[in-house]
Every structure is written in C-alpha cells, then in structure tokens.
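K.L.:
Here it is, the structure, as structure tokens.
Laboratory data are not the source of any read-out in this text; all were calculated from the coordinates shown. Being a predicted model, the structure only gives us computed values, none of them experimental. Note: ideal-geometry Cβ built from the backbone for every residue, glycine included; neighbour counts use all protein chains shown.
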Amino acid sequence: MIVLPQFLRRLPFILYAFVPVFLLWSLSNEWYVVTRLGDTGQVELNEIIGWYEKSRAALYVVHQAIYLLIGAAVLHALVAIHDKLMGAAE
C-alpha cells in the first residue's frame with residue numbers, strides 16, 4: 001500500500017490559491033512592460049500596437065493561469081482516484 005505524502009495531498013489547494021495571485025502579478029507585470037515600451041514611433045501606430053500588445057499580454061496571462069488551474073484540477077483528480085483505488089484494495 002502506497003501512502004501519498006501530505007504535501008502532495010495539499011498541493012492542489014495550494015495551486016488553487018496561487019492562481020489568482022499569479023494572474024494578478026503576471027497581468028500587472030506584462031501591462032507595465034507594454035506601457036513602458038509604447039514611447040516610440042508615430043502616435044497613430046503606437047496606439048494600435050499598444051492595444052494589440054495589451055490584449056496579447058492579457059490573453060497570454062489568462063492562458064497561463066488556465067493551464068495552472070487545469071494542472072491543479074488534474075492533480076486533485078489523481079489524488080482522489082488514488083484514494084478510491086486504495087480504499088477498494090483494502
């Protein structure tokens with residue numbers, strides 16, 4: 001019988017709590033970088049590129065947060081499957 005460590009059992013909940021922190025931190029960081037890079041070139045072109053880069057940064061950060069959330073959910077499901085199988089084996 002294999003017993004999972006407590007850290008592995010708690011890891012999905014730690015990741016669930018980390019997702020909003022990651023989302024806010026990464027979004028603010030990407031937003032800051034994009035606004036600092038927007039001080040070049042022509043004004044009309046800059047606005048278009050600025051909005052494009054901001055939307056790209058927001059989509060990238062949301063994409064990464066979703067992957068982190070899915071990883072936590074998969075880990076949570078695997079721990080539950082392990083518990084169910086080990087309960088049936090006893």
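K.L.:
Per DSSP helix of 4 or more residues, -39500 (n - 2.57); summed, then divided by the residues of the chain. What does that give at 222 nm, rounded to the nearest 500?
P.N.:
-32500 deg cm²/dmol, from helical runs alone.
K.L.:
Continuing with this model, one more query. Modelling each spin label as a point 7 Å along the Cα-to-Cβ direction, I'd like the Leu85/Arg9 distance in nm, to one decimal.
P.N.:
Those two pseudo-labels are separated by 1.8 nm.
K.L.:
Identify which of the listed values of volume of the Cα convex hull per residue in Å³ was calculated from the structure shown: [x] 240; [y] 188; [z] 78.
P.N.:
Computed from these coordinates, volume of the Cα convex hull per residue in Å³ corresponds to label [z].
K.L.:
On C-alpha positions alone, give me the angle between the axis of helix 43-89 and the longest principal axis of the chain, in degrees, nearest 10.
P.N.:
0
K.L.:
With 10 angstrom as the radius, rank Ser26, Ser55 by how many other C-beta atoms surround their C-beta, starting from the fewest.
P.N.:
So the ranking, lowest neighbour count to highest, is Ser55, Ser26.
K.L.:
If you take the beta carbon distance between Ala77 and Trp31 as r and set R0 to 30 Å, what does 1/(1 + (r/R0)^6) give as a FRET efficiency, to the nearest 0.05?
P.N.:
0.35
K.L.:
Relative contact order of the chain, please, whole-number percent, based on alpha carbon pairs below 8 angstrom and at least 6 residues apart.
P.N.:
Worked out over the chain, it gives 45 percent.
K.L.:
Another question, then. Rank these for me by crowding, Trp31, Trp25, going from fewest to most other beta carbons within 10 Å.
P.N.:
Working: Trp31 15, Trp25 12.
In increasing order of surrounding Cβ atoms, one gets Trp25, Trp31.
K.L.:
Helix 6-37 versus the longest principal axis of the chain: what angle, 0 to 90°, nearest 10, using Cα atoms?
P.N.:
Approximately 0 degrees, to the nearest 10.
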